[in-house]
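Below: one structure, written as structure tokens.
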Amino acid sequence: MSDIDQACAEIVRRSRSNFALSFRFLPTPQRRAMNTLYAFCRHTDDLADGPGSVEERRAALAAWRAEITDRGVDPVIRAMVQVTIDFDLDIDLLHAVIDGCEMDLAAARFATLDGLRHYCSLVAGAVGHLCLGIWGVRGGQADALAEDLGLAAQLTNILRDIGGDAAAGRMYLPLDMLRRHQVEESDVLQCRASTGLQACLMELATLAADAYDRADVDAFPAAQRRRLWPARIIRRIYRRLLDEIVARGFPLRERTRLSGFTKARLIAPILLRRLVPL
């Protein structure tokens, strides 16, 4: 294993991410590609959320973007560009991820639900398209799966992180939705629970649940289903996380988490199913 492969694997290991569980058991070439993708996304997100002024962070993202275009010296970028070559991926999807993270720089606000959907498509849908390419699943159904599962997972993250985002000055709930339910932006930023805010959060949770329902791996041909078990893991874990958030009444100041035992119980049947012919 090369130094950069080891470094990316260590980033994944330290993250303890729900998403990372989906590719831990992939064949070595795909697992290394996914580790590289995760490291790229992690660093992009860290540049957007890191220290410094908005202008400094925007400049850091611009330099990161230039590394992709110029195939620069950063080892993660060089490895990520090589992944796009090895797996025939659209390199513009890497730029889309950066576009999405740039939207976080100015204390994210979305006038409408369509604006929030677009953001989710950039920061999560683009990653979904890259993942499916690495797993060897392409075409119309795959594109829809990437967008639906990306939307559902990102909305779940937003619902989980209301308090943390508010502390950073970010608020992802669409402004027209707040107006419709008579909620002030300050209510969200100060985590003041209300009937109207609960209605907003339930509306987003319903949107996420509908997207999970559309992200149906069983609708794919058998040959593709055998490659899509990582998507099954993502869907099962994040859907369970969404259900926990809803069951707990959308805690605003506490981050809902799943225990290691719960995650293992959710993914074990999927891993076992890989060994059994469809």
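Bear in mind these aren't lab numbers, they're just calculated from the coordinates by the rules spelled out. Values in this document were obtained by computation on a predicted structure and should not be read as measured data. Reconstructed Cβ throughout: ideal geometry from the backbone, glycine too, with neighbour counts over all protein chains shown.
For segment 1-106, the convex hull spanned by the alpha carbon atoms encloses 105 Å³ per residue.
Rounded to the nearest 0.05, what FRET efficiency is calculated for T206 and A264 with R0 set to 30 Å and r the Cβ-Cβ distance? Don't jump to the answer; show the numbers that get you there.
Numbers: r = 28 Å, r/R0 = 0.95.
After rounding to 0.05, the efficiency reads 0.60.
Kindly give the semi-axes, whole Å and largest first, of the ellipsoid equivalent to segment 129-177, taking each as the square root of 5 times a Cα gyration tensor eigenvalue.
Details: eigenvalues 174, 29, 11 Å².
Largest first, segment 129-177 gives 29, 12, 7 Å.
Determine the distance separating the Cα centre of segment 112-153 from the Cα centre of segment 41-63; give it in Å without decimals. Centre-to-centre (Cα) distance: 23 Å. Alpha carbon centre of segment 179-210 versus segment 239-254: separation in Å? Going from one Cα centre to the other spans 13 Å. Need one word for the chain: rounded, prolate or oblate. Basis is the Cα gyration tensor (sqrt eigenvalues a ≥ b ≥ c); a/c below 1.5 gives rounded, then a/b vs b/c decides. Oblate, since a/c reaches 1.5 and b/c is not below a/b.
First check a/c for segment 205-278, with a ≥ b ≥ c the square roots of the eigenvalues of its C-alpha gyration tensor; if it is under 1.5, answer rounded, and if not, answer prolate when a/b is larger than b/c or oblate otherwise.
Values: a/c = 3.95, a/b = 1.69, b/c = 2.34.
It is oblate, given that a/c is not under 1.5 and a/b is not larger than b/c.
Return the FRET efficiency for the residue pair D45, D216: r is the Cβ-Cβ distance, R0 is 25 Å, and the value is rounded to the nearest 0.05. The pair D45/D216 has a calculated efficiency of 0.30. The share of Cα pairs per 10 Å bin across segment 45-98, counted from zero up to the longest distance, runs 24, 51, 21, 3 percent. Computed from the C-beta positions of E254 and S194, the FRET efficiency with R₀ = 22 Å rounds to 0.80. Label positions at F25 and A223, each projected 7 Å from the Cα along the C-beta direction, are separated by 2.4 nm.
At a 10 angstrom cut-off on C-beta neighbours, averaged per residue, how do the peptides 175-182, 143-150 rank from highest to lowest?
Details: 175-182: 15.4, 143-150: 21.4.
Per-residue mean Cβ counts within 10 Å order the peptides as 143-150, 175-182.
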